[in-house]
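Heads up, the thing below is written out as structure tokens.
The values are calculated or read from the model by the stated rules, or taken from the named source; none is laboratory data. Everything numeric in this text was worked out from a predicted model, so none of it was measured. So basically every Cβ, Gly included, is an ideal-geometry build from the backbone, and we count neighbours across all protein chains shown. Ligands, DNA and RNA are stripped out before the accessible areas are found, and what is left, the full protein with its side chains, is counted by its heavy atoms. Shrake-Rupley method; radii C 1.70, N 1.55, O 1.52, S 1.80 Å.
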Amino acid sequence: MAEKPPDDHADRVHASFDALHQQVEGRLDAASRTAMEKVRIAAAEGDRESMRAHMETLRERHGWLYKELAAHPQVATLLDELALWGF
């Protein structure tokens, strides 16, 4: 069983995704905004299965945003941490 993320995890997820949103907001359409929000919520809640599914959808349908997400320093750090927790 994966470890539970620390208590401040959700706050860090939201702050990191807010920073990413500011960086890409001019290129977001309704579908990509929704896809990013689903990843954010799953990551903040520590929902492994939902996060995997939403990340896969993001990669398949919004490849540019998936690349931005993986390249953003704060979000990339969170993804690394989530991987350590079994995500």
field: Angle between the chain longest axis and helix 9-24 axis [Cα atoms, degrees, rounded to 10]
entry: 20
Amide N proximity, the stretch 36-59 versus TRP85 label position 7 Å along Cα-to-Cβ, cut-off under 15 Å: 39-52
Listed residues LEU58, SER16, TRP85: farthest to the positive end of the dipole of the chain (Cβ charges): LEU58
query: Which whole-percent values make up P(r) of the chain when all C-alpha to C-alpha distances are grouped in 5 Å steps starting at zero?
result: 3, 15, 28, 29, 16, 6, 2, 0
field: Most to least packed among 61-70, 35-44, 77-86, 18-27 [average Cβ atoms within 10 Å]
entry: 35-44, 61-70, 77-86, 18-27
- prompt: With each label point set 7 Å from Cα along the Cα-Cβ vector, what nm distance links THR57 and ALA71?
  reply: 2.5
message: At 0.36 nm per residue, and after removing the present C-alpha to C-alpha distance, how many nm does the segment from TRP64 to ALA30 gain when stretched out fully?
response: 10.8 nm
field: Accessible area in square angstrom per residue, the chain, 1.4 angstrom probe
entry: 60
query: Roughly how tilted is helix 30-45, in degrees to the nearest 10 and between 0 and 90, from the longest Cα axis of the chain?
result: 10
